[in-house]
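Written out below as structure tokens is the structure these notes cover.
Rule-based calculations on the coordinates, nothing more; no lab input. Bear in mind that the values here come from a model prediction, so they are computed numbers and not experimental data. FYI the Cβ positions are ideal-geometry reconstructions off the backbone, even for glycines, and counts take in every protein chain you see.
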Amino acid sequence: MLEINKIFDKFQLFYVDGEWEVSSSKERLSVINPATEESIGKIALAGDADVEKVVAAATIAFKSFGHSSVEERIDLLQNILKIYEQRVDEFASAISMEMGAPIDFARSAQAQAGIDHLSALIDDVKEYKFERKLRNGDTIVMEPIGVCGLITPWNWPINQIVLKVAPALAAGCTMVLKPSELTPLSAILFAEVMHEAGVPKGVFNMIHGLGNVAGSALSKHPNVAMISFTGSTGAGRSIIRNSAERIAKTTLELGGKSPNLVFADCELSTAIDQGIDACFINSGQSCDAATRMLVERSVYEKSIELAHDKCERISVGDPTKSGNHLGPLVSQIQFDRVQSLIACGLEEGARCISGGLGKPQECQVGYFARPTVFADVKNTMKIAREEIFGPVLCMIPFDSEKEAIELANDNAYGLAAYIQTLDQGRAQTVARLLRSGSVNINNSFIAPGSPFGGYKLSGTGREGGAEGVNEYLEVKVIAS
């Protein structure tokens with residue numbers, strides 16, 4: 001179980017150059033349990049001086065770690081995995097408390113993601129060619145890019161931390177992690193794992209802070225060679241602007257408005273049932289959630305009935321309790337945003353077939369939203385265009401395969417897409433016409449070790465697998 005008092009003791013500390021140190025900043029922020037709306041403590045928020053200190057530590061450490069062997073780095077990753085596995089239940093408890101994930105889901109999906117991604121990456125790095133000969137006789141050498149600023153979100157805190165820290169370490173980079181200020185518990189635990197695993201001083205550093213202060217200072221810092229950011233598209237634009245002056249490398253995993261194409265020849269009840277799960281997973285707080293369900297018109301009304309029945313069976317409740325239910329949204333700000341977009345859907349004329357405004361009757365305390373399904377949504381409506389980031393599904397009819405593809409692609413985002421059909425030929429053809437970074441067919445999901453990222457406003461670069469390691473490397477050609 002989570003030794004919570006030990007974590008609280010580190011709320012005022014940053015992990016710098018292999019030690020826990022007091023922040024020079026006096027700024028503090030309450031960490032709120034979203035299920036109770038109560039503060040569980042206050043974390044220190046980094047200022048410019050803190051950022052300077054951690055970047056300096058990472059810069060010095062890179063001089064030696066940048067020349068470490070692949071074998072040394074694999075050993076480190078294996079140590080990290082071993083210790084993480086021993087403490088995985090602590091991570092589940094932390095994530096459940098800080099962002100409201102129901103405890104069973106926090107263990108089986110949120111915390112488990114750290115194990116899955118570390119395991120997959122270790123296998124990938126063992127086969128990765130950091131040096132290779134070209135046919136023309138020249139040699140390609142893949143070298144670490146340098147000090148990396150890693151800025152991670154609150155919705156899948158450990159998933160995103162591991163997807164950035166592990167490949168950076170594998171590449172031979174040093175780093176400064178700035179996790180979301182909303183979810184510091186799991187980040188503190190991860191820093192403890194890194195320390196216990198024997199990661200050399202200065203290779204991994206961690207600060208807490210606000211995006212427009214600490215995140216901005218990191219992305220502007222002249223000694224930070226690369227920024228990897230996961231979060232909103234608006235914040236991603238700021239990262240690019242901050243990094244542009246010195247032409248620093250950026251990788252961005254941003255928002256999504258993923259379509260789920262439901263063709264009449266699919267197993268309809270299963271497709272609707274699992275399609276709603278793919279939208280409501282993590283209380284709808286997933287960038288690749290299947291939030292636009294495009295349904296062939298001949299089965300549209302039946303799909304609406306099935307969606308209503310499914311949504312009415314979904315329960316919302318206490319994240320500390322075991323069971324298959326949804327937890328709260330992460331914050332009052334997020335709750336208010338979801339409510340405003342539900343209200344917008346009603347004003348635009350979408351038909352609310354389940355859920356709606358307000359909190360569930362049984363959850364009046366906490367940032368709980370009602371699982372909501374809108375039918376008769378037009379692809380031009382705001383709820384079909386913007387990322388809601390809550391348990392809200394939009395159902396849109398289509399008449400032909402061509403129209404389905406056009407509707408799916410008619411969005412500023414391009415992170416993920418979903419297809420439901422028993423015709424495998426159609427599935428493969430349509431998948432190649434969708435403008436998205438990943439396509440999941442018949443409720444399959446991409447596995448750990450596959451690259452994840454998107455097109456258009458969903459970002460640049462990839463995380464996971466060999467492609468994820470590539471982001472932290474420079475390409476050198478040696479002619480001899």
message: Principal axis extents for the stretch 184-284, Cα atoms only, whole Å, descending order, please.
response: 55, 38, 20
- request: Starting from the Cα gyration tensor of the stretch 38-97, take the square roots of the eigenvalues, sort them a ≥ b ≥ c, and report rounded, prolate or oblate (rounded when a/c is under 1.5, otherwise prolate if a/b is larger than b/c, else oblate).
  value: oblate
task: With 10 Å bins from zero, work out the P(r) of the stretch 428-480 over every alpha carbon pair and list the percent per bin.
output: 21, 41, 25, 10, 3, 0
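Taking other Cβ within 10 Å of each residue's Cβ, how do 32, 383 sort, fewest first? Walk me through the numbers on the way to the answer.
On the way: 32 19, 383 25.
Ordered by Cβ neighbours within 10 Å, fewest first: 32, 383.
By DSSP, what percent of the beta bridges with both residues in the chain are antiparallel, rounded to the nearest 5? Walk me through the intermediate numbers first.
On the way: 28 of 65 bridges.
Close to 45 percent.
Write out the chymotrypsin sites (Phe, Trp or Tyr not before Pro) in the stretch 356-400 meeting two conditions: DSSP loop, and at most 14 other Cβ atoms within 10 Å of their Cβ. Can you show the working numbers first?
Numbers: sites: 367, 368, 374, 389, 398; in loops: 367, 368, 389.
Here no loop site has a sparse enough neighbourhood.
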query: Going out from 0 in 10 Å bins, what whole percent of all Cα-Cα distances in the stretch 259-448 drops into each bin?
result: 10, 40, 36, 13, 1
statement: Over the stretch 81-239, the quotient of the Cα radius of gyration and 2.2 N^0.38 Å is 1.10
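Using only DSSP helix segments of four residues or longer, with each worth -39500 (n - 2.57), what per-residue ellipticity at 222 nm results for the chain after dividing by its residue count and rounding to 500? Mind dumping the intermediate values first?
Values: 16 runs with 184 residues, N = 480.
About -12000 deg cm²/dmol.
Using only the Cα atoms of the stretch 1-149, build the gyration tensor, take square roots of its eigenvalues as a ≥ b ≥ c, and label the shape rounded, prolate or oblate: rounded if a/c is under 1.5, else prolate if a/b is larger than b/c, else oblate.
Values: a/c = 2.79, a/b = 1.50, b/c = 1.86.
It is oblate, given that a/c is not under 1.5 and a/b is not larger than b/c.
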- request: Counting only C-alpha contacts under 8 Å and six or more residues apart, can you give the relative contact order of the stretch 259-448 as a whole percent?
  value: 28
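Å³ per residue of the Cα convex hull, for the stretch 269-343? The partial results should precede the final answer.
Numbers: hull volume 8.5 nm³, N = 75.
Here the figure is 113 Å³ per residue.
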query: How many angstrom separate the Cα center of the stretch 92-125 from the Cα center of the stretch 1-60?
result: 21
Trypsin sites (Lys or Arg not before Pro) lying in DSSP loop within the stretch 84-181, provided at most 14 other Cβ fall within 10 Å: 129, 135
field: Space enclosed by the convex hull of the alpha-carbon atoms of the chain, per residue, Å³
entry: 142
message: Give the residue list of GluC sites (Glu not before Pro) in the stretch 175-281 that are DSSP loop and have at most 10 other beta-carbon atoms within 10 angstrom.
response: 245
